[in-house]
Amino acid sequence: MKGKRKKIQDFFLYIIMLAASAFLIFGGVKQLMMTQDLKASIEQKKEEKKNLNSKKKELEKTKQNLTNPDYVEYIARGKYLVTKEGEQVFKFPSKDD
């Protein structure tokens, strides 16, 4: 009886150890997957930051240019066809038209 009882106890101990091992392995794999996702997210955010910094530099340059009256006049006359009093504007067709 003692031998059979010992075998049953050992069997349950092995089952418990197997379940605990499976639980720990599953948790480790889950942590590795989360780490990979976070690394990918960090890389994506770095790229977004780089793009935003580039856009910020362009906007700062535009802001600086808009404080220059000659630049503002150039844009107003060229893009929006603003004229001075008594001036006539002739728009020629471009090659794209």
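Nothing in this text is a laboratory measurement; each read-out follows from the coordinates by a stated rule. Bear in mind that the values here come from a model prediction, so they are computed numbers and not experimental data. Note: ideal-geometry Cβ built from the backbone for every residue, glycine included; neighbour counts use all protein chains shown.
Structural remarks
- Sparsely packed chymotrypsin sites (Phe, Trp or Tyr not before Pro) within the chain, loop by DSSP, other Cβ within 10 Å at most 11: Phe90
- Spacing of the modelled spin labels on Asn51 and Val82, each 7 Å from Cα toward Cβ, amounts to 3.3 nm.
- FRET efficiency estimate (nearest 0.05) - Cβ-Cβ, Ile8 to Lys30, R0 30 angstrom: 0.35
- A cut-off of 5 Å between modelled amide H atoms, ignoring neighbours fewer than 5 places along the same chain, links Val82 with Arg77.
- At R0 = 25 Å, FRET efficiency that the Cβ-Cβ distance of Ser41 and Ser21 yields, to 0.05: 0.25
- Both the radius of gyration and Dmax for the stretch 2-80 are 32.5, 103 Å, in that order, over alpha-carbon atoms.
- With neighbours defined as other Cβ atoms within 10 Å of a residue's Cβ, the residues Ile75, Ile8 order from fewest to most as Ile8, Ile75.
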